[in-house]
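A short worksheet on the structure shown next.
The values are calculated or read from the model by the stated rules, or taken from the named source; none is laboratory data. Just so you know, these numbers come straight off a predicted model, no measurement behind them. Cβ atoms come from the backbone with ideal geometry, glycine included; neighbour counts cover every protein chain shown.
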Amino acid sequence: GSLVLFQGGNNQSNLTAVCIAHKNMMMLVVIMSLAVFACKGLVEALPFPAPNFNNCNNSQGCCPAPYNGTISEKLYVFDRKLPMRTRPAAHLLDDAYIAKYQRAYRLLKALPDSDPRSWKNQAKLHCAYCDAAFNFDVLTSSGRSSTMRFEVHYGWMFLPWHRFFLYFHERILAKLLGDDDTFALPFWNWDNQSPEPPLANVIPLAFGNPMYDNKFQSSLYDERRSRCTKWPNLIDLQDALECANQTLELQTSLRQWNNRLMYTQLVTAAPISRLFFGESYKLGSAPGRGGGTLGVTPHGAVHVWTGDPNATIPSSDMGILQYAGLDPIFYAHHGNIDRLWEVWKSLPGGNRKDLSQADYLNTQFLFYDENAALVKVQISQALNINNFRYNYEDVPNSWIHEGSDAASAPCFPASTSEINEMIFNTPPLSTKNFTTFANSSITFRVRGPLEKQLHHEEVLVIRSLKLQQTSPLILNAFLYFPTANPTTPITCIEFFGKPGGFFNEFSPTLPDSKMEWRLALGYKLQSLGMDQFSHVVVTLVQLGLPQIIQLKNAQIVYFDE
Ligand code: C2O
């Protein structure tokens with residue numbers, strides 16, 4: 001068996017070479033065990049090198065176009081002469097821009113599949129980076145070699161990878177428009193709940209109308225979308241599977257819930273980088289250990305709300321991650337995600353900044369540029385948006401105020417003695433077995449830390465295993481609210497996050513046993529005035545059809561960044 005067989009033998013790193021050298025010298029058991037030891041330490045500290053496109057293996061036809069040229073060892077160089085482009089909000093486009101936008105996608109869809117920039121090849125590229133197409137053989141802690149799939153979602157790579165993906169997508173469209181370097185990709189401003197037309201939180205007109213302008217079939221339309229997306233339905237970030245008749249009254253509530261969801265996931269649930277970006281992911285670690293708050297919900301919710309709930313592989317779009325890149329709205333959706341990354345960094349609080357670990361910064365990817373050359377990029381290049389020479393049209397982020405705790409009310413007020421009684425009457429999770437939770441809600445208590453650590457973020461970690469995943473898992477989490485149920489609105493001040501996730505339903509390797517949910521507690525306990533109790537009481541509520549979830553344990557820990 002091979003010891004350390006990095007994907008494609010595409011070894012840029014000296015550390016990798018050390019391991020390979022040991023492997024070749026391995027004649028004696030003694031040397032081998034030394035090599036195992038040496039490589040193990042090194043592997044754990046390595047960022048991912050760029051994958052090898054010519055060594056891609058995927059049963060669902062997701063491999064991107066192979067490359068015959070030579071990939072430069074040097075990192076991609078941004079064109080400093082590009083004009084500054086402002087990515088416009090899709091709901092505010094004028095007819096001329098919509099016409100250009102549609103022409104760009106018509107031209108893209110007309111490229112032959114032999115062109116690595118083609119429509120299908122771009123969707124495949126996204127799929128390959130998330131569907132076991134690039135595998136890395138690594139050493140496990142027991143010293144054995146094991147193959148791990150590579151996955152850009154559900155971990156810290158999510159935002160930078162998609163920023164690059166969109167950038168090259170945009171450059172390719174600009175090229176096809178006849179080197180129109182002013183072209184900027186519109187973004188779908190679904191977080192904007194303003195009731196004033198034109199509405200932002202619906203499918204933008206150019207996407208939703210199959211015959212835009214009655215002239216020609218819209219290249220932005222996709223027939224495989226949920227019936228929820230029909231005009232004039234508002235998006236539902238909180239319960240993306242729900243598709244009730246939207247009365248005016250329900251629409252008023254939806255706006256409030258969407259604002260509340262945005263505020264919670266970007267402000268109270270994401271006070272520090274680790275919670276916002278997600279868990280570390282480097283060579284040797286299992287994929288899917290935990291996405292950040294923006295990447296799980298709302299990102300996943302928009303996919304699920306837009307996608308056809310009856311879709312089966314491989315004919316489906318937005319709701320199935322592997323095929324999401326086949327709906328043009330994917331790129332407008334991710335424009336908003338990318339914009340919200342910048343919004344998050346601009347929020348007050350001091351701890352909202354990009355990650356700075358070397359293994360993160362040195363992680364590399366490959367993309368086809370507008371000239372069909374395969375170029376190498378690295379996460380460190382993605383963090384400063386000015387490198388890309390685009391910015392976003394200014395739109396209100398009203399959820400910062402309208403969804404805030406200050407704008408919410410307690411729904412389960414309780415006195416100190418009532419809280420103590422609640423703690424006493426609530427069981428902890430079983431320490432021996434998994435606690436099964438198949439109903440609409442579960443309530444358990446978790447012991448608080450013995451000593452408060454100032455300047456560190458108090459986080460509730462729930463280790464879960466064996467998710468049934470019959471459909472996307474949609475959960476609301478409440479504090480000190482044991483009667484919370486599926487009809488409890490998230491506008492209650494006790495709402496504090498949305499664990500769960502929108503997994504690759506067709507990738508049985510996810511999620512693995514290391515999956516955890518992490519929910520920030522500190523700020524919320526303060527705003528509830530509840531930071532003096534021995535335990536927290538947590539209620540998880542399942543929306544949609546309840547599925548079997550088995551929880552392993554829950555613990556309160558401190559994170560420092
Ligand atoms: Cu790569 Cu919205 O997913």
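Applying a threshold of 8 Å to beta carbon distances and a minimum spacing of six or more residues, or different chains, the list of pairs starting in region 365-384 at a residue that is at negative phi and ending at one that is of a type in the set (Gly, Ala, Ser) and in a loop (DSSP other than H, G, I, E, B) reads Phe365/Ala50; Leu366/Ala50; Tyr368/Ala65; Ala373/Gly69; Leu374/Gly69; Val375/Ser72; Lys376/Ala50; Lys376/Ser72.
Sub-7 Å Cβ pairs linking a first residue in region 340-364 that is more than 13 Å from Pro271 (Cβ to Cβ) to a second residue that is exposed (fewer than 14 other Cβ atoms within 10 Å of the Cβ) and small (Gly, Ala, Ser), at least 6 apart or interchain, are Asp359/Ala45, ordered by first then second residue. Answer yes or no: is there a residue in region 345-368 that is within 16 Å of the ligand (Cβ to nearest atom) and under 14 Å from the mean Cα position of the chain (by Cα). No: zero hits. Does Ser404 fit the bill of being of a type outside the set (Phe, Trp, Tyr) and over 30 Å from Pro298 (Cβ atoms)? Here the answer is no, as Ser404 does not meet what is asked.
Restricting attention to region 221-250, the residues that are among the small types (Gly, Ala, Ser), at pLDDT 85 or above and over 17 Å from Ala206 (Cα atoms) add up to 1. What about Leu250, is it without any contact (Cβ under 8 Å) to a residue 24 or more places away in the chain and either of a type in the set (D, E, K, R) or more than 16 Å from the ligand (Cβ to nearest atom) (or both)? When the stated conditions are applied, Leu250 passes them. Put simply, of Leu199, Leu173, Leu220 the only residue that is assigned to a helix (DSSP H, G or I), more than 16 Å from the ligand (Cβ to nearest atom) and of a type outside the set (S, T, N, Q) is Leu173.
Checked against (1) within 19 Å of the chain's Cα centre (by Cα); (2) at pLDDT 95 or above; (3) of a type outside the set (Val, Ile, Thr), Ser253 passes all but a single condition, namely (1). Listed by first and then second residue, the pairs with beta-carbon distance under 6 Å, at least 6 apart or on different chains, first residue in region 443-468 and farther than 16 Å from Glu279 by Cβ and without any contact (Cβ under 8 Å) to a residue 24 or more places away in the chain, second in a loop (DSSP other than H, G, I, E, B) and not hydroxyl-bearing (Ser, Thr, Tyr), form an empty list. Taken as a whole, region 119-140 holds at least one residue that is farther than 17 Å from Pro51 by Cα, assigned to a loop (DSSP other than H, G, I, E, B) and polar (S, T, N, Q). Could you please let me know if Ala104 is part of a helix (DSSP H, G or I), more than 16 Å from the ligand (Cβ to nearest atom) and in contact (Cβ under 8 Å) with a residue 12 or more places away in the chain? Here the answer is yes, as Ala104 does meet what is asked.
Quickly run through region 145-154 and pick out the residues that are more than 12 Å from the ligand (Cβ to nearest atom) and not in a strand (DSSP E or B). Selection gives Phe150 alone. Within region 153-165, residues that are of a type in the set (A, V, I, L, M, F, W, C) sit with their Cβ atoms under 7 Å from residues that are near the ligand (Cβ under 10 Å from one of its atoms) and not in a helix (DSSP H, G or I), at 6+ positions apart or across chains, in these pairs: Phe158/Val152; Trp161/Tyr129; Trp161/Val152. For Tyr392, state whether it is more than 16 Å from the ligand (Cβ to nearest atom) and among the hydroxyl-bearing types (Ser, Thr, Tyr). Judged against the criteria, Tyr392 is a match. All conditions in (1) touching a Pro at 6+ places or on another chain (Cβ under 8 Å); (2) surrounded by fewer than 22 Cβ atoms within 10 Å (Cβ to Cβ); (3) not hydrophobic (A, V, I, L, M, F, W, C) hold for Gln265, with the sole exception of (2).
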